[in-house]
Amino acid sequence: MPPRKRKIFQPETNTLPVAEWGLRIVMSKEKPISQRAYARHRAATFGHCSHAAVQRAISEGRLESSLVVNAKGVRKILSIEAADKEWAATTRPDAEQRAEDDAAERDLPDEQISLKEARRRREIETLRAAKADAEQRRLDLAERRGDLMSKSQMLADVAEEFAHVRTKLMGIPLRCKQRIPGLRNADVKIIDSLVREALENLADGN
């Protein structure tokens, strides 16, 4: 009689307790889903969720029994159904919780936000662009009416006026010599020096 073969028990999954995390290490053919994938599921199913909201739920202990740690030590969602039930049981189902989830996304980069947050950001950018366009049209109209002057035109006008004033002031020494009999050349030079000094101070903003 041939010897009987010994049966070897091979479980479908190899589950080991991890006391310090309160989770399980699971190695199986059925791969758990990532936290990002679960966030996308909740966003599509419930209308709002983000990766940041899932991370916060895990850190606050609102998602725990439905989590696993794979062989690489990465926390994942073992079952979408179980995670949804645990989320509903541990999370406030009101506007306050939703507002907290939305607020958690405000500082995230674009590649980590939900569809709802993407819409919100797009609406804000559209509103800002519309306001900027309206302001530019208002300024253009004011400039055409003559109520507003462009910076370049203002600088050109100031430079022209300053050149005119400088010419007038530089002519003072010669006019003094013409109108004051007996004015010595040395006195004219002193007046010319004082006028130039005043012009230099004005050009320097003093």
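Read-outs throughout are calculated quantities, based only on the coordinates presented, and are distinct from any laboratory measurement. For clarity, every value in this text was computed on a predicted model and none was experimentally measured. Glycine gets a Cβ as well: all are built from the backbone with ideal geometry, and neighbour counts include every protein chain shown.
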TODO: Find how much the distance from Glu135 to Val165 grows on full extension, using 0.36 nm per residue of separation minus their present alpha carbon separation; answer in nm with one decimal.
DONE: 7.2 nm
Open item on the list: Test of understanding: ordering Asp133, Asp192 by Cβ neighbours within 10 Å, fewest first, what list do you get?
Closed with: Asp133, Asp192
Task: Inter-centroid distance (Cα atoms) of the range 149-174 relative to the range 114-138, Å - done: 44
Task: Cross-link pairs Lys131/Lys151; Lys72/Lys116; Lys151/Lys189 - those with Cα-Cα distance over 30 Å - done: Lys72/Lys116; Lys151/Lys189
Open item on the list: Please compute the length gained on full extension between Ala89 and Arg175, using 0.36 nm multiplied by the number of residues separating them and subtracting their Cα-Cα distance.
Closed with: 21.3 nm
